[in-house]
Amino acid sequence: MAPAPAADPRDSQDSLASALRRLREARERARSALVTPAPPRPKDPVPPTGRAGRNLPAAIAVGVSLLVLVGVSLLTRPEMFVALAVVASVGAMWELARAVAQRGIRVPLLPLVVGAVGVLVSAWVAGGEAMLMAFTLTAGGVFVWRVIDGGGRDAVRDAAAGIFTAAYVPYLAGFAVLLLRLEDGPLLVLTFLLVTIANDTGGYVAGVLFGKHPMAPSISPKKSWEGLAGSVVLAVAVGVVMLGPVLDGPWWAGAVLGVAAVGAATTGDLAESLLKRDLGLKDMGSLLPGHGGIMDRLDSLLVGAPVSYLILAAATGQAAF
């Protein structure tokens, strides 16, 4: 019998290259099947009104009005603050659902609204464990609702987006409600809000006056390291005043709160900016002149809420962890 001809090594190399090419093509098909490409980023319809790109008078007027509304709710009936948190969370989820709909993602809004009420009311009535249970039920409800509406990969994608929305907005907002339940809760919540506002104000002023070195130009071109320094200075000052003379706590805890609040607020702001850039949006909405949408105002507050809760609860001797 004649010996079998030797295998040509070039054939095996061609087979390997063909297999790798098919693997790359399959991976690209799977990726594009789950998420469609981002739409082109729109140009600003209105030229910036200042070096920081804000309508400053409108931003100040809206910001002061919101602060007064929240302050009145905290100093009169705390339940009013919980109601405001519910309304703000529902509005933010609506904006987020509209934004991701541009990518073909359908967020189940009705179970999210019901779940947001459940999460925030549970946090106020029964505390952190009840809030976590309400969030778990919300996540399960969102998944079941979307699967009943239609299965497949689209259902998994939409349910995941809905669960992310529930965690991002009402669950994080629930930590502000947990803060309200503590002794001197209204003052603690006001401290959290003022420190976060100081972060925004200090960053804005320092960025406009001294900003030269961009911090994250590919995500948020207007943010600068000089603005970050201004945020830290003003937030630490507000934190020291609120935790020292006002709450009769250790002054150094106010400094820790200020630094941590700046880190959390900056993270939340950059995360939302990254999301908006991926979606091709300038703002999440236009309900708040000078600020954008509700989500544009809540981005730093949502991430800062659990951080402030942990620090303020520990600083006032009310930590339950």
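The values are calculated or read from the model by the stated rules, or taken from the named source; none is laboratory data. The structure presented is a predicted model; accordingly, all values stated were derived computationally and were not measured. We place every Cβ from the backbone using ideal geometry, glycine too, and count neighbours over all the protein chains shown. Side chains are part of the model used for accessible areas, which takes the heavy atoms of the whole protein and leaves out ligands, DNA and RNA. Shrake-Rupley method; radii C 1.70, N 1.55, O 1.52, S 1.80 Å.
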Please give the length that would be gained between GLU25 and HIS213 if that part of the chain were fully extended, namely 0.36 nm times their separation in residues minus their C-alpha to C-alpha distance (nm, one decimal). 63.6 nm
Note down the nm distance, to one decimal, between modelled labels 7 Å out along Cα→Cβ at LEU84 and at ASP278. 3.1 nm
Between ARG103 and LEU69, what FRET efficiency comes out of the Förster formula 1/(1 + (r/R0)^6) with R0 = 45 Å and r the beta carbon distance, rounded to 0.05? 0.85
Heavy-atom accessible area per residue, the stretch 197-301, 1.4 Å probe: how many Å²? 45 Å²
Under Stokes-Einstein, the stretch 181-298 at 4 °C and 1.567 mPa s, with its Kirkwood radius over C-alpha pairs, diffuses with a coefficient in µm²/s of 86 µm²/s
Using the alpha carbons of the stretch 113-189, what is the convex hull volume per residue in cubic angstrom, as a whole number? 65 Å³
With each pseudo-label sitting 7 Å past Cα toward Cβ, what's the GLN318-ALA160 distance in nm, one decimal? 3.9 nm
Label-point separation, VAL246 to ARG77 (7 Å along Cα→Cβ), nm: 2.4 nm
When the convex hull of the Cα atoms of the stretch 92-247 is projected onto a plane and the area is averaged over all directions, what value comes out in nm²? 11.3 nm²
Kindly list the residues of the stretch 75-97 that lie in the label zone of ASP149, defined by a backbone N under 13 Å from the point 7 Å along the Cα-to-C-beta vector. 94, 97
When only DSSP loop residues count, what trypsin sites (Lys or Arg not before Pro) in the stretch 200-288 have their Cβ near at most 13 other Cβ atoms within 10 Å? LYS212
